[in-house]
Amino acid sequence: MIKNIYKKLLSEKKRNTIREYLQRLLSPLYYGNNFRCNCCNKKFRKFLNKGNIPRNNAQCPFCFSLERTRVLDLYLEKELNLYQSEGVKLLHFAPEYALFRKLKKNKNIIYIDTDINPAYATNVFDITNIPFPDNNFDYIICSHVLGHVPDEHLAIKELVRVLKPNGIAIIMTLLSGKEKTFEDENIQSSEDKLKFYSEFDLCRLHGNDFSNRLEHGGFNVEEIDYRLFFSDE
């Protein structure tokens, strides 16, 4: 009952803000020297577990970055120098809080973050109907989004349309390790999606043909497994 009243009194965005604030207050309990988060540059004795099948030491206790966020952050910094860029336009779908904090600080970037859910971004619009003209953005970040979009092909065409001819779209997704993407229109319930796609709100589980799907939509694709650029340590 109290939980229902709480939800009625506060929007999802405000609830998220309160939850994040409380977690940051608790983060000193995890301080130590075993792990360093490259997104917030804080050190911890351990990270938080995360996932439907919990992954040990997955989430930063302070900025909430996940493994994929930290890899992406390193790529943006070391390969693209994006945090120090000037005069570029960047469109960021489903912005990760840790990256949003860093990108928003650079006033020399025209930074637009968006999500279909107003609780998670400044702007709200559909990735299959992006309200910007052709050839508009130098960079697009779209991490773990396309698997959730019912009309993925239309979303890819829209991304291609608003990206400048020499622009870069960084697109990441969950991969099954199998050759072909698995999707079945009969899989609709959250329970079945979790069972077959591993997340309750996915529309498909991408396979190794993901690059082909992007190319079919108009992208020139370069596959990068950025983990391989670093030592095991």
Checklist entry - Tell me, which residue of region 84-102 that is open to solvent by 30 Å² or more (accessible area, probe 1.4 Å) and aromatic (Phe, Trp, Tyr) is modelled with the lowest pLDDT? => result Tyr97
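Considering only helices (runs of 4 or more DSSP H) fully contained in region 1-93, which possess at least 1 residues that are of a type outside the set (Gly, Ala, Ser) and closer than 30 Å to Ala155 by Cα? Quick ask: steps written out before the conclusion?
Numbers: elements: 2-9, 12-26, 67-78.
Result: 12-26, 67-78.
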Checklist outcome for this item: Taking region 94-116 and keeping residues under 12 Å from the mean Cα position of the chain (by Cα) and in a loop (DSSP other than H, G, I, E, B) leaves Ala94, Pro95, Glu96, Asp115
Checklist entry - Counting only residues that are among the hydroxyl-bearing types (Ser, Thr, Tyr), surrounded by 19 or more Cβ atoms within 10 Å (Cβ to Cβ) and out of contact with any strand residue (DSSP E or B) (no Cβ under 6 Å at 6 or more places or on another chain), how many does region 103-144 have? => result 0
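Among the residues of region 66-93, write down those that are out of contact with any strand residue (DSSP E or B) (no Cβ under 9 Å at 6 or more places or on another chain) and at negative phi. Steps first, please.
Step one: of region 66-93, the residues out of contact with any strand residue (DSSP E or B) (no Cβ under 9 Å at 6 or more places or on another chain) are 70, 73-74, 77-79, 81, 84.
Those that are out of contact with any strand residue (DSSP E or B) (no Cβ under 9 Å at 6 or more places or on another chain) and at negative phi: Arg70, Asp73, Leu74, Glu77, Lys78, Glu79, Gln84.
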Checklist outcome for this item: Within region 178-233, the count of residues that are touching a His at 6+ places or on another chain (Cβ under 9 Å) and of a type outside the set (D, E, K, R) comes to 6
Next on the checklist: The conditions are (1) under 15 Å from the mean Cα position of the chain (by Cα); (2) polar (S, T, N, Q); (3) at pLDDT 95 or above, and Asn123 fails exactly one of them. Which is it?
Outcome noted: (1)
Checklist outcome for this item: Of the residues in region 185-202, those that are surrounded by 13 or more Cβ atoms within 10 Å (Cβ to Cβ), in a loop (DSSP other than H, G, I, E, B) and out of contact with any helix residue (DSSP H, G or I) (no Cβ under 6 Å at 6 or more places or on another chain) number 2
Checklist outcome for this item: Listed by first then second residue, the pairs whose first member lies in region 12-34 and is aromatic (Phe, Trp, Tyr), whose partner is open to solvent by 100 Å² or more (accessible area, probe 1.4 Å), with beta carbons under 9 Å and at least 6 positions apart or on separate chains, are Tyr30/Arg45; Tyr31/Lys43; Tyr31/Arg45
Checklist entry - Within region 35-52, how many residues are within 17 Å of Ser198 (Cβ to Cβ) and either open to solvent by less than 70 Å² (accessible area, probe 1.4 Å) or free of Cβ contacts under 8 Å to residues at least 24 places away in the same chain (or both)? => result 3
Next on the checklist: Which residue is surrounded by the most Cβ atoms within 10 Å (Cβ to Cβ), if the candidates are limited to region 147-176 and must be assigned to a helix (DSSP H, G or I) and in contact with a strand residue (DSSP E or B) (Cβ under 7 Å, 6 or more places away or on another chain)?
Outcome noted: Leu159
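The values are calculated or read from the model by the stated rules, or taken from the named source; none is laboratory data. This is a predicted model, so every value here is computed, not measured. Glycine gets a Cβ as well: all are built from the backbone with ideal geometry, and neighbour counts include every protein chain shown. Accessible surface areas use protein heavy atoms only, side chains included; no ligands, DNA or RNA. Shrake-Rupley method; radii C 1.70, N 1.55, O 1.52, S 1.80 Å.
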